[in-house]
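Only one structure is covered here, and it is reproduced in the block below.
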Amino acid sequence: MKRVILILTAVIGFVILNSSFTTISSAKHKITKAKFANIDVTATNSTNDGVYVRLENNTSGGVYSFFIPPNSPSGTVIGQIPENGDIYTVKLTSTGGPHDMWVYWEHQSNVTGLSVSGMAIGCSSCARINIFN
């Protein structure tokens, strides 16, 4: 009797073990591509003129167009771009008179437009635009 129970236990164990390996080896793997998160492009505009923003992605060729309304408080979200290290050409155009314009590290005073190439602005602290005076 002990021998029969031992043999049955071994057979059941072998069947369970074999079915587990079959299930594991036949499992399909799912591959998920990593996507970049989007970040907010923020702006401040303390003037009475609106400003058109054009971001040209020099890496992928994509173009993003935004508008900064007059008298926009600090941190106003004007749109979103992918969070990555792509290089952009940034173009700002005032709808009125000349102003001081800042984009990330570039600044020009008393201009109606600003165009800057070679900017990696795909980070939350980089994608900031300030218009004043």
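The values are calculated or read from the model by the stated rules, or taken from the named source; none is laboratory data. What you see is a predicted model; the values in this text were computed from it and never measured. Neighbour counts are summed over all protein chains in view; Cβ atoms, including those assigned to glycine, are modelled from backbone coordinates with ideal geometry. Remember, those area values only see protein heavy atoms, side chains included, never the ligands or the DNA or RNA. Shrake-Rupley method; radii C 1.70, N 1.55, O 1.52, S 1.80 Å.
Data table
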| quantity | calculated |
| --- | --- |
| Carbon plus sulfur fraction of accessible area for the stretch 43-90, probe 1.4 Å, in percent | 50 percent |
| Net lengthening on full extension, Thr76/Val63 (0.36 nm per residue, minus Cα-Cα) | 2.6 nm |
| Calculated FRET value between Asn38 and Glu106, using beta carbons and R₀ = 25 Å, to 0.05 | 0.65 |
| In Å, descending, principal axis extents of the Cα set of the stretch 78-133 | 33, 21, 16 |
| From phi via Karplus (6.51, -1.76, 1.60), per-residue ³J(HN,Hα) for the stretch 43-59 in Hz, x at Gly/Pro | 8, 10, 9, 9, 10, 8, 10, x, 9, 7, 10, 10, 10, 9, 7, 6, 7 |
| Estimated vicinal HN-Hα couplings, Hz - the stretch 100-115 in sequence order (Karplus 6.51, -1.76, 1.60; Gly, Pro = x) | 7, 10, 10, 9, 6, 9, 8, 9, 9, 9, 6, 10, 9, x, 9, 10 |
